[in-house]
């Protein structure tokens, strides 16, 4: 019996090794979906509040693309959309998933199946002791900083790629006594690509953090001792990376409005860089100012192996207006920017993503688009967002300026983004939206390029469960490199119905 079981186990291990990385990626996404939707429900559904929204949209588009890569024709798309939100005393889950099936003629050549997904979940598995968080995303992007906006329709002509990410964040807490607490925050994540980019940049990482922190005895003072170990493993020829940090932190709160903090430590890094040394003493100081419940300001400055590191954020909200501005400089990589937390999506006053009425997807702005490489780069970025919400009209303006200085190759990139959108309730079950964006990329090693996008959408509610929409789109892309510029016009009519 034991020999038979051993033979069976060996056979299963051999079969698992033959599975492709895409099968494993698909299993990962399915496993996360099961965790987010089904995991907490059996023992917490009674105490929690669960909401399921499902819709399906059919869209017929005509595309007229002229320039260096021209085509025209009709494309039929089916877009089922599932939104799940669950909230209870010990859990929170929010998933928005939309696969897109596209069929066109040979000239248009859309991608048959693409995925858009944003998911988050957090479960308090053991009261005040053990927590499990999860996040996932699936997006369509370009495979270089010179790619214009990419979706299922121009996926193949623009060099699109499908990006999947999945992360788990287990956390353990233990109260030693009233003077100190022990915490262990860990993260395991995977990033995988498909499409024209190929699969040679897939990667996974693991990060472990252990800390002793100040306990409930300390009211205005807070302190901690932290040790962090992170490893990144690439499936390509890119060398794996290891980062270690050891820090001591001390902070003080001057009442409800002011707080200051600082840290000192050492980092020991084995990373891909042309620098002579990536190990160094590190330190930073920071302050937080909250003059009232609607306004907050934070800033910090420090030193790492690459030089200055800083971050700052200002946010303010009124009954109808929200404003946020942030500034930062730190080391990043393409895989870091693909994670869910880096997505800059519009949110309502309660923090929930705002959905595009024409597509049902969260509105994401200033999505990072970086060169197709896994080397690290120093990013200096400033971005801001202003939203004004009226009784019938909503206006949003976002902008960003960023610089990327690569660690191994002598490249430097500057990117400028500006986006504006307006939605208006016209009455009689009509809604209209108008949006425009301008983007410029300047590079010292690649050609400079400019992208201008404009879109108008008119939506009509046919019933409480069904809507139809007319959408007009225009894109103009100019690249200094020969054979890359084009102009694209689109007109689409869609029908969406909700049946849950």
Next item on the list: Find the relative contact order for region 207-341 and round it to a whole percent, using C-alpha pairs within less than 8 Å whose residues are 6+ positions apart.
Entry: 13 percent
Check: Averaged over all directions, how much area does the convex hull of the C-alpha atoms of region 46-203 cover when projected, in nm²?
Finding: 12.7 nm²
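Going by average Cβ neighbours within 10 Å, how do the peptides 52-60, 461-469 rank, with the highest at the top? Write out the running numbers ahead of the final one.
Working: 52-60: 16.0, 461-469: 14.3.
The most tightly packed comes first, giving 52-60, 461-469.
Just rank 219, 184, 263, fewest to most, by other beta-carbon atoms within 10 angstrom. Don't skip to the end; give the middle numbers.
Working: 219 8, 184 14, 263 20.
Ranking 219, 184, 263 by Cβ neighbours within 10 Å, fewest first, gives 219, 184, 263.
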Next item on the list: May I ask you to order 204-210, 163-169 by the average number of other C-beta atoms within 10 Å around their residues, highest value first?
Entry: 163-169, 204-210
Checklist line | Distance between modelled label sites at residue 292 and residue 495, nm, 7 Å Cα→Cβ extension | finding: 5.1 nm
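For 264, 95, what ranking results if the residue with the fewest other Cβ atoms within 10 Å of its Cβ goes first? Spell out each step's value before the answer.
Working: 264 15, 95 20.
Ranking 264, 95 by Cβ neighbours within 10 Å, fewest first, gives 264, 95.
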Note to self: Run the numbers for residue 239 and residue 420: contour at 0.36 nm per residue of separation, minus the present Cα-Cα distance, in nm.
What the structure shows: 61.1 nm
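Would you list 228, 496 from fewest to most Cβ contacts within 10 Å?
Numbers: 228 18, 496 23.
Arranged by neighbour count, lowest to highest, 228, 496 become 228, 496.
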Margin query: I'd like the per residue volume of the convex hull spanned by the Cα atoms of region 214-334, given in cubic angstrom.
Written below: 146 Å³
Next item on the list: May I ask you to compute the full-extension gain from residue 397 to residue 434, defined as 0.36 nm times their residue separation minus their alpha-carbon distance, rounded to one decimal in nm?
Entry: 12.1 nm
Next item on the list: Send over the semi-axes of region 202-262's equivalent ellipsoid, whole angstrom and largest first, taken as the square roots of 5 times the C-alpha gyration tensor eigenvalues.
Entry: 36, 12, 9
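If you stretched the chain out fully between residue 221 and residue 53, how much longer would it get, using 0.36 nm times the residue separation minus the C-alpha to C-alpha distance?
Values: separation 168, 0.36 × 168 = 60.48 nm, distance 4.54 nm.
Full extension of this stretch gives 55.9 nm more.
The numbers here are math on the coordinates, done by the rules we state, and not lab data. Quick caveat: nothing in here was measured; it's all calculated off a predicted structure. A quick note on method: Cβ atoms are made from the backbone with ideal geometry, for glycine too, and the neighbour counts reach across all protein chains shown.
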